[in-house]
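*Asks:* Pasting in a structure now, in structure tokens, and then I'll have a few things to ask.
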Amino acid sequence: MQLNAQLDILPLVEQTTKAQRNLAYSAVQGINATAKQIQDAQREQLNKRFTLRTGRTKQFLERQAAVIKPWASVPQGRLYAEVAVGQRQNLLLSGFERGDEREPVRGKLIAQPVTGNAARPSFGAQVAKQFTFTAMRLKAQQTAGGKQFKGRAGTFTIEGVGVFLRTGKKARDVELLYAYARKQTLPRKLGWLSTGRGVADRWLSENITQAFLRSLPRR
């Protein structure tokens, strides 16, 4: 006795092809969702570990803490996304990951604001407007001891030491506003790599799996 059967595998091929296509889109969705989670986590850590003195500074550094470019894309054949710290000129943020050496932006010295004076009463306070370098307008003058820079509101410099404010008539009635340094070692407090890896290890596979499951037809 002979038994014959016909099997129509076209629906199976169609489902397999659709599943493969869905997997690519699911991978992209999962990758981009994870990239956004890394971005959110980096911004949260930034606010915990740094003192952001103004709303403008906060907004700027939150944008630069984790820049996503490019995003993953199926049409562009890109099954990855890149998340990185902003690399704008003079932006020091990435240097807080390894503890880089900060070099002077201009000249040979870095002017570091000193906390607890008229310029910056507390660590969380921004430098008072009248004691910014733009407002002080320090200009070179020739004195008995040599060339010295003097500015508004009783400010002056001592070569190699810093910027001072005269608070009285006696020679000792001064306070240090800015201390000079040839270089500065940035503290290792960004924790960017550990934060990013932690999010990726926890969520990447889960996000791709959930995106793929959502793409499957419901029965």
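*Asks:* Scan region 134-149 and tell me whether some residue there is aromatic (Phe, Trp, Tyr) and within 19 Å of Thr167 (Cβ to Cβ).
*Replies:* Yes.
*Asks:* Would it be correct to say that Ala118 is open to solvent by 30 Å² or more (accessible area, probe 1.4 Å) and among the small types (Gly, Ala, Ser)? Please lay out each step first, then the result.
*Replies:* Numbers: open to solvent by 30 Å² or more (accessible area, probe 1.4 Å): yes; among the small types (Gly, Ala, Ser): yes.
Yes, satisfied.
*Asks:* Sort out which residues of region 56-67 are under 19 Å from Trp192 (Cα atoms) and open to solvent by 80 Å² or more (accessible area, probe 1.4 Å), and write them in order of number.
*Replies:* Hits for region 56-67 are Gln59, Arg63.
*Asks:* Find all pairs meeting these conditions: Cβ atoms under 9 angstrom apart; at least six residues apart or on different chains; first residue within region 63-77 and of a type in the set (Lys, Arg); second residue surrounded by 11 or more Cβ atoms within 10 Å (Cβ to Cβ).
*Replies:* Hits for this filter: Arg63/Arg43; Arg63/Gly86; Lys69/Ala81; Lys69/Glu82; Lys69/Val83; Lys69/Ala84.
*Asks:* Take region 138-179 and flag every residue that is free of Cβ contacts under 8 Å to residues at least 24 places away in the same chain, in a strand (DSSP E or B) and not polar (S, T, N, Q).
*Replies:* Lys139, Ala140, Gly146, Lys147, Phe149, Lys150, Phe156, Ile158, Phe164, Arg166, Val174
*Asks:* Does Lys139 satisfy the criteria of being of a type outside the set (Gly, Ala, Ser), exposed (fewer than 14 other Cβ atoms within 10 Å of the Cβ) and not assigned by the TED database to the domain that holds Phe60? Walk me through it before giving the result.
*Replies:* Working: of a type outside the set (Gly, Ala, Ser): yes; exposed (fewer than 14 other Cβ atoms within 10 Å of the Cβ): yes; not assigned by the TED database to the domain that holds Phe60: yes.
So Lys139 passes the test.
*Asks:* Residue under question is Leu23, and the condition is that it be at pLDDT below 95 and not polar (S, T, N, Q); does it hold? Give the derivation first.
*Replies:* On the way: at pLDDT below 95: yes; not polar (S, T, N, Q): yes.
It is true that Leu23 is at pLDDT below 95 and not polar (S, T, N, Q).
*Asks:* Residues to consider are Thr132, Thr143; find the one that is within 17 Å of Thr57 (Cβ to Cβ), out of contact with any Leu (no Cβ under 6 Å at 6 or more places or on another chain) and among the β-branched types (Val, Ile, Thr). Explain how you work it out, then say what you get.
*Replies:* Details: Thr143 fails: within 17 Å of Thr57 (Cβ to Cβ).
When all the criteria are applied, what remains is Thr132.
*Asks:* Taking region 158-179, which residues are on the phi > 0 side of the Ramachandran plot and crowded, with 16+ Cβ neighbours inside 10 Å?
*Replies:* Of everything in region 158-179, just one residue is on the phi > 0 side of the Ramachandran plot and crowded, with 16+ Cβ neighbours inside 10 Å, namely Gly162.
*Asks:* Another one. Can you find, within region 68-104, the residue that is surrounded by the fewest Cβ atoms within 10 Å (Cβ to Cβ) among those that are touching a helix residue (DSSP H, G or I) at 6+ places or on another chain (Cβ under 8 Å) and under 13 Å from Trp192 (Cβ atoms)?
*Replies:* Gly86
*Asks:* Here's something else I'd like to know. Quick check on my filter: what residues within region 33-55 are over 16 Å from Lys189 (Cα atoms), at pLDDT 95 or above and surrounded by fewer than 16 Cβ atoms within 10 Å (Cβ to Cβ)?
*Replies:* Within region 33-55, just Asp40 meets the criteria.
*Asks:* Please tell me if Gln130 is in contact with an Asp or Glu (Cβ under 9 Å, 6 or more places away or on another chain) and outside any loop (DSSP other than H, G, I, E, B).
*Replies:* No: the conditions fail for Gln130.
*Asks:* May I pose another question? Which ones in region 119-140 are touching a Phe, Trp or Tyr at 6+ places or on another chain (Cβ under 8 Å) and more than 28 Å from Asn47 (Cβ to Cβ)?
*Replies:* Leu138, Lys139, Ala140
*Asks:* Quick one: count up the residues across region 180-202 that are part of a helix (DSSP H, G or I) and open to solvent by less than 90 Å² (accessible area, probe 1.4 Å). Before you say what the answer is, go through the steps one by one.
*Replies:* If we filter region 180-202 for residues that are part of a helix (DSSP H, G or I), which is where we start, we get 192-202.
Next, from what is left, pick out any that are open to solvent by less than 90 Å² (accessible area, probe 1.4 Å): 192-196, 198-200.
Residues in region 180-202 being part of a helix (DSSP H, G or I) and open to solvent by less than 90 Å² (accessible area, probe 1.4 Å): 8 in total.
The values are calculated or read from the model by the stated rules, or taken from the named source; none is laboratory data. Worth saying up front: this structure is predicted, and the values here are computed from it rather than measured. Counting neighbours? That spans all protein chains shown, and the Cβs are built from the backbone with ideal geometry, glycine included. Side chains included, ligands, DNA and RNA excluded: accessible areas come from the protein's heavy atoms. Shrake-Rupley method; radii C 1.70, N 1.55, O 1.52, S 1.80 Å.
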